[in-house]
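All remarks here apply to the structure that follows.
The values are calculated or read from the model by the stated rules, or taken from the named source; none is laboratory data. Here the structure is a predicted model, which is why all the values come from computation and not from measurement. Every residue, glycine among them, receives a Cβ derived from its backbone with ideal geometry; neighbour counts consider all protein chains shown. SASA here: full protein model, heavy atoms, side chains in, ligands and nucleic acids out. Shrake-Rupley method; radii C 1.70, N 1.55, O 1.52, S 1.80 Å.
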Amino acid sequence: MAAGKRSAGLLLYRGAAAGIEVLLGHMGGPLWERRDAGGWSVPKGEYVPPEEARDAARREFEEELGIPPPDGAYVPLGEARQASGKVVTVWAVESDLDPERIVPGTFEMEWPRGSGVTGTFPEIDRVAWFTPHEAHERLVVGQRVFLERLAERLASGA
């Protein structure tokens, strides 16, 4: 990914017996199928201004999960620069989405590389609810800051 690219996403959270849980998506395609730690992401996708980041986050949520984004109060969790140089902007929203409802969007890529064969793969091959501790181990390193920011916002009553 080239520097200057921007992505936006929604981090869903819900109350649970042990505190809160967050909804993450496991990245689809052959490059991620055997990876658990570091293979999960906030549902997000790229956008290009003048599209607003929050509008892009809602659009990408629907494209990646195949269901409309939840209504509710959108809590800004700010931006974070990823190792690739891409800047990701995330909002948290409280919702109790059933993972069985997702119908993931797809993408095409040549696989195996150099084979000349193009395959179609899901953007996200599954979603699941995790405690923040469980999510921290699974999330792409550059997105872990959003878990910390969500905890801070909830603790402050945001």
Item to complete: Determine which single condition F146 fails, assuming it passes every other condition in (1) out of contact with any strand residue (DSSP E or B) (no Cβ under 9 Å at 6 or more places or on another chain); (2) of a type outside the set (K, R); (3) open to solvent by less than 50 Å² (accessible area, probe 1.4 Å).
Response: (1)
Worksheet entry | Selection from region 116-139 of residues that are under 17 Å from L12 (Cβ atoms) and outside any helix (DSSP H, G or I) | E123, I124, R126, V127, A128, W129, F130, T131, L139
Response to the item:
Note on region 129-144: residues touching a Leu at 6+ places or on another chain (Cβ under 8 Å) and under 15 Å from G38 (Cβ atoms) are F130, A135, H136, R138, L139
Response to the item:
For region 77-91, pairs from a residue that is in contact (Cβ under 8 Å) with a residue 40 or more places away in the chain and in a strand (DSSP E or B) to a residue that is basic (K, R) and buried (at least 16 other Cβ atoms within 10 Å of the Cβ), with Cβ under 6 Å and 6 or more apart or across chains, are L77/R149; V87/R6
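Which one is most open to solvent (accessible area, probe 1.4 Å) among residues in region 120-143 that are free of Cβ contacts under 8 Å to residues at least 40 places away in the same chain and over 14 Å from G25 (Cα atoms)? Even if it seems obvious, please write down each step before you answer.
If we filter region 120-143 for residues that are free of Cβ contacts under 8 Å to residues at least 40 places away in the same chain, which is where we start, we get 120, 133-134, 136.
Still in the list and also over 14 Å from G25 (Cα atoms): 120, 133.
On the way: T120: 84, H133: 135 Å².
Here the residue is H133.
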Discussion item. Checking the structure you have, find out if any residue of region 93-114 is open to solvent by less than 30 Å² (accessible area, probe 1.4 Å), under 23 Å from L154 (Cα atoms) and either β-branched (V, I, T) or outside any loop (DSSP other than H, G, I, E, B) (or both).
Written reply: yes
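Quick check on this structure: which one of R149, R144 is at pLDDT 95 or above, among the basic types (K, R) and within 13 Å of the chain's Cα centre (by Cα)?
Going through R149, R144 in turn, the sole match is R144.
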Discussion item. Looking only at residues that are free of Cβ contacts under 8 Å to residues at least 24 places away in the same chain and within 20 Å of R149 (Cα to Cα) in region 43-73, which one is least open to solvent (accessible area, probe 1.4 Å)?
Written reply: G72
Discussion item. Suppose we keep only residues that are of a type in the set (G, A, S) and either open to solvent by 40 Å² or more (accessible area, probe 1.4 Å) or outside any strand (DSSP E or B) (or both) within region 21-30. Which one would you say is nearest to E152 (Cα to Cα)?
Written reply: G28
Worksheet item: Considering region 42-66 alone, what residues qualify as being assigned to a loop (DSSP other than H, G, I, E, B), in contact with a Phe, Trp or Tyr (Cβ under 8 Å, 6 or more places away or on another chain) and among the hydrophobic types (A, V, I, L, M, F, W, C)?
Response: V42
Worksheet item: What number of residues within region 31-41 satisfy the criterion of being under 25 Å from D98 (Cβ atoms), part of a loop (DSSP other than H, G, I, E, B) and open to solvent by less than 60 Å² (accessible area, probe 1.4 Å)?
Response: 1
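How many of the residues making up region 1-20 are at pLDDT 90 or above and either part of a helix (DSSP H, G or I) or open to solvent by 40 Å² or more (accessible area, probe 1.4 Å) (or both)?
Number of matching residues: 5.
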